[in-house]
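These notes are about the structure you will find just below.
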Amino acid sequence: MSEFNTILIRIFFTCLSVTIFYAHAEWNTNDYMKREHSLIKPYHGVGVIIPNWDFMGSTMVTHNHVRLTKDDQSLQGALWNSLPCYVRNWELQVHFKVHGHGKDLFGDGMAIWYAKDRMKPGAVFGYMDYFYGLAVFLDTYSNHNGEHNHQHPYISAMVNNGTLHYDHDRDGTHTQLAGCEAKFRNLDHDTHIAIRYQDDTLTVSTDIENKAVWKECFVVKGIKLPTGYYFGVSAATGDLSDNHDIMSIRLYELDMPGDVKDDEDRTNIIPSASFYEPPRERIEDPKPSMSGVKTFFLMLLAAIGLIVIVIVGVMMYQKHQENARKRFY
Ligand SMILES: [Ca+2]
């Protein structure tokens with residue numbers, strides 16, 4: 001072996017050990033991060049296998065991201081953690097990027113899952129309908145104008161016990177727990193979402209304004225989720241498209257050593273939510289012309305009333321003056 005080759009090999013191993021050292025140092029600074037439920041660069045283990053994660057559909061893994069769908073029509077992709085999660089209180093942080101060529105038309109969006117069944121393709125952003133568990137939707141396309149009074153992109157959550165249908169045509173508005181508008185698409189800076197499940201309370205926050213702070217999207221109390229479900233992310237395109245990329249997924253355990261733990265067995269409970277947003281029925285707004293007419297008549301009545309009072313007042317005053325004059329003469 002030539003001396004040049006030996007030097008090259010030395011350089012390679014130095015770089016490798018430095019990389020391993022820093023990777024290890026990062027783990028040490030995140031004592032409560034569960035590495036078996038997290039996805040961090042470099043993704044690759046051996047070959048194209050990502051340790052503890054499986055991918056399906058249109059998903060492509062590169063050095064910088066896991067692309068669930070590219071900016072092309074009719075694609076579905078997903079990435080699923082292969083180990084069930086038995087952490088009771090947790091926070092999942094996802095570094096993602098949704099971008100594409102569309103200026104006004106793009107879609108459909110992506111979803112982050114904590115669900116019973118993994119690797120199931122379907123109609124809900126690339127995952128099965130009538131699922132068991134929690135979904136957080138990052139919906140970029142408004143399928144139904146007028147049904148809801150918010151803009152897209154829109155982030156919302158849904159808890160399902162296997163019986164609820166996600167109504168794509170109405171953007172799931174009848175089954176959502178809560179939601180918020182979030183302009184996370186086509187941004188130059190990093191975009192993150194945090195899903196916190198602690199003491200049966202779900203808190204979803206975003207970091208999409210390049211301020212490195214979490215901004216609360218919504219909080220919903222009274223949510224029961226079993227342990228032993230799987231984390232996953234999925235995305236879908238239809239007639240409209242976007243690149244849906246995942247840069248990292250970090251799961252933090254929120255139970256601290258020494259916390260008093262209740263003994264409730266959470267392995268077999270059915271996912272449930274005690275509070276749903278009231279279903280948004282198609283209630284027509286009161287017609288403006290009607291209310292205008294009403295207002296007009298009310299004003300007219302008030303004006304007539306006022307005129308009557310003034311006239312009566314004037315007449316009484318004149319009568320009074322007349323009487324006074326009569327008394328003097
Ligand atoms: Ca939609």
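The values are calculated or read from the model by the stated rules, or taken from the named source; none is laboratory data. Keep in mind that this is a model prediction, so the values were computed, not measured. Because the Cβ atoms are built from the backbone with ideal geometry, glycine has one as well, and the counts that use them run over all protein chains shown. Only protein heavy atoms, including side chains, enter the accessible area calculation; ligands, DNA and RNA are left aside. Shrake-Rupley method; radii C 1.70, N 1.55, O 1.52, S 1.80 Å.
What the table below lists for this structure:
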| quantity | calculated |
| --- | --- |
| Cα Rg, Dmax (largest Cα-Cα span) when computed across segment 32-273, Å | 16.8, 52 |
| Placed amide H near THR191: partners under 5 Å, 5+ positions off or other chain | PHE96 |
| Pairs beyond 25 Å (Cα-Cα), from LYS120/LYS221; LYS183/LYS211; LYS116/LYS211; LYS103/LYS183; LYS116/LYS215 | LYS120/LYS221; LYS116/LYS211; LYS116/LYS215 |
| Heavy-atom accessible surface of segment 32-273: percent carbon and sulfur, 1.4 Å | 49 |
| FRET efficiency for ASP169 and ALA302, using Cβ-Cβ distance with R0 set to 41 Å, rounded to 0.05 | 0.30 |
| Per-pair calculated FRET efficiency, R0 = 25 Å: VAL213 and LYS41 via Cβ, rounded to 0.05 | 0.60 |
| Largest-first principal axis extents, alpha carbons of segment 159-269, Å | 47, 37, 21 |
| Cβ crowding within 10 Å averaged over residues, with 59-72, 110-123 ranked highest first | 110-123, 59-72 |
| For segment 69-171: accessible area per residue (Å², 1.4 Å) | 38 |
| Partners for LYS294 among lysines (Cα-Cα distance below 30 Å; same-chain residues under 8 apart left out) | none |
| Mean-position separation - Cα centroids, segment 175-209 and segment 95-111, in angstrom | 15 |
| Nonlocal amide H pairs with SER241, under 5 Å, H built at 1.01 Å | GLY107 |
| Given charges at Cβ of Lys, Arg, Asp, Glu: segment 145-224 dipole, positive-most of ALA212, SER156, LEU202 | LEU202 |
| Gain in span if fully extended, THR227 to ASN268, counting 0.36 nm per residue against the direct Cα distance | 14.0 nm |
| Residue-span extension gain [ASP54 to ALA123] - 0.36 nm each, minus C-alpha spacing | 22.9 nm |
